[in-house]
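Written below as C-alpha cells is the structure these notes are about.
Readers should treat all values here as calculations from the given coordinates under stated rules, not as data from a laboratory. Computed from a predicted structure; not experimentally measured. All Cβ positions, even for glycine, are placed from backbone atoms using ideal geometry, and neighbour counts span all protein chains on display.
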Amino acid sequence: MKDDMLDGDGIYKWEDGRVYKGSWKKDMIHGDGEYSWPDGRKYTGEYNEDKKHGYGKFIMKDGNKYEGYWKDGLQHGVGKIITKDNKAKKGTWNEGKFIGFLPKTIKME
C-alpha cells in the first residue's frame, strides 16, 4: 500500500473467487501478473493500467489457449491458438478481432 492504494507486488482475492497475483501501481494491475477466475480461465502476462497489454498467455474455460500479444485488453498482433489436444495455429488479431491464420512456413531445400 502506498497513499492508501495498492502498489507493488501482492495477491488480491475477490469474494467471487477471482485471484490476482502480481504487480500493482496506483490501485491498478500493472506489470507482470497472473489473474485467475473460478471457471478455470487464467491469464499470465503483462498488464498496463488494469488491461492486458504486451505478451501474455490466456487459458479459456473450454481448455483452449491463446498465446500472443495484447493491446488495451484485446488480442492484437501475432498470436497462437492452442487447442485442448495440443494443436497450434498462428494468426493475427487487430484490436480483438481475428484477422486470419498465418500460412505455414515451407522449408526450402
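Quick look at the values:
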item	result
Residue pairs, from the table K51/K87; K25/K57; K21/K42, whose Cα atoms sit over 18 Å apart	K51/K87; K25/K57
Residues with amide H under 5 Å from that of D32, placed H, sequence gap 5 or more	S23, Y47
For the stretch 35-47, Karplus couplings with θ = phi - 60° (6.51, -1.76, 1.60), whole Hz, Gly/Pro x	10, 10, 10, x, 7, x, 5, 8, 10, 10, x, 9, 10
Top of K87, K71, K42 by mean-square fluctuation, Gaussian network on the chain, Cα under 10 Å	K87
Candidates D32, D62, D16: whichever shows maximal mean-square fluctuation once the chain is modelled as a Gaussian network with Cα springs under 10 Å	D16
Dipole of the chain, positive end: most advanced residue of S23, G63, L6 [Cβ charges, Cα centre]	G63
Charge dipole magnitude, Cβ of K and R +1, D and E -1 - the stretch 8-101, Cα centre, debye nearest 20	440 debye
Tensor-based shape of the stretch 1-55 (alpha-carbon gyration tensor, a/c under 1.5 rounded, otherwise prolate or oblate)	oblate
Relative contact order %, the stretch 8-101, counting alpha carbon pairs below 8 Å whose residues are six or more apart	14 percent
Listed residues E34, E15, E95, most fluctuating in the chain (Gaussian network, C-alpha, under 10 Å)	E15
Three-way shape label, the stretch 50-109, alpha-carbon gyration tensor, a/c 1.5	oblate
Distance between the stretch 25-48 and the stretch 79-104 - C-alpha centres, whole angstrom	22 Å
Computed E for K42/L102 - FRET, C-beta separation, R0 22 angstrom, nearest 0.05	0.30
Which label in [x] 21, 17, 13; [y] 60, 21, 13; [z] 31, 16, 11 gives the computed semi-axes √(5λ) of the Cα gyration tensor in Å	[z]
